[in-house]
């Protein structure tokens, strides 16, 4: 059973219990995104989800437990694909040495993973808002995000930059550069409506993801002096990430006109 289904189906005394958990999670995701963790009370959640005020503590232990469940289940659902992408880049770096073409291929793979993940979670817009809040006001869930998603990518980017420049990945300059490059990619999660408006992209497509990945790869490679890989589309055997389990969350989407 997928992690999300496990979370939603835990303690299923009867079908109504699972539906109650689902409704609480869907409601909480939207309210936490709109008002922040501290701006939403258990009473607010219960009223909006139309459940008994004791239901949150019964199903999740506490409001904090519910908040953690939202993050953990989204990350768990994506874990397999993320691990395969990390393994692919690690293997490339293991063969690359200082070879600029192989290092550029590693950049492309990292960029495709980050940007593809943003597209996969497009239907879960509210989760992106929660992530933005955790980045702006770091709390317990910031540590979870950093440990499970940010740090592994930053470590690989530092290896790429260090190899390209002949410096140790742990050097301050290399780590600073890796952080800037990572921020460049992640910022697209919050500027997609602008990009969509500018280019007339009303939805994400594989072709547009290829185009965006190629552009980001080009910019990063030029920034650190690497040969641009002469290849369109994902490399053979690259993981194809989709957030299949996450579309079970029927969370209302904010209408922003266009989205990438």
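Tallying residues that are in contact (Cβ under 8 Å) with a residue 60 or more places away in the chain and more than 24 Å from residue 28 (Cα to Cα) within segment 124-152 yields 1.
Scanning segment 83-99 for residues that are part of a helix (DSSP H, G or I) and surrounded by 12 or more Cβ atoms within 10 Å (Cβ to Cβ) gives 83, 84, 85, 86, 88, 89, 90, 91, 92, 93, 96. Considering the conditions (1) out of contact with any helix residue (DSSP H, G or I) (no Cβ under 6 Å at 6 or more places or on another chain); (2) part of a helix (DSSP H, G or I); (3) not assigned by the TED database to the domain that holds residue 135, residue 78 is excluded by exactly one of them, (3).
Among the conditions (1) surrounded by fewer than 15 Cβ atoms within 10 Å (Cβ to Cβ); (2) more than 19 Å from the chain's Cα centre (by Cα); (3) at pLDDT below 95; (4) not in a helix (DSSP H, G or I), the only one that residue 198 does not satisfy is (4). Among the residues of segment 45-68, is any within 27 Å of residue 169 (Cβ to Cβ) and assigned to a helix (DSSP H, G or I)? There is no residue in segment 45-68 that is within 27 Å of residue 169 (Cβ to Cβ) and assigned to a helix (DSSP H, G or I).
Residue by residue, here is whether (1) over 24 Å from residue 81 (Cβ atoms); (2) at pLDDT below 90; (3) surrounded by 14 or more Cβ atoms within 10 Å (Cβ to Cβ) holds:
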{"residue": "140", "(1), (2), (3)": "yes, yes, no"}
{"residue": "156", "(1), (2), (3)": "no, no, yes"}
{"residue": "164", "(1), (2), (3)": "yes, no, yes"}
{"residue": "171", "(1), (2), (3)": "yes, no, yes"}
{"residue": "182", "(1), (2), (3)": "no, no, yes"}
{"residue": "185", "(1), (2), (3)": "no, no, yes"}
{"residue": "189", "(1), (2), (3)": "no, yes, yes"}
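Residues in segment 211-244 that are surrounded by 14 or more Cβ atoms within 10 Å (Cβ to Cβ), at pLDDT 85 or above and part of a loop (DSSP other than H, G, I, E, B): 226 only.
Please specify each residue of segment 54-64 satisfying the condition of being surrounded by 13 or more Cβ atoms within 10 Å (Cβ to Cβ) and more than 15 Å from residue 142 (Cα to Cα). 55, 56, 57, 58, 59, 60, 63 - these are the residues of segment 54-64 that are surrounded by 13 or more Cβ atoms within 10 Å (Cβ to Cβ) and more than 15 Å from residue 142 (Cα to Cα).
The values are calculated or read from the model by the stated rules, or taken from the named source; none is laboratory data. What you see is a predicted model, and the numbers here were worked out from it, not measured in a lab. As a convention, Cβ positions derive from the backbone with ideal geometry for all residues, glycine included, and neighbour counts pool all protein chains shown.
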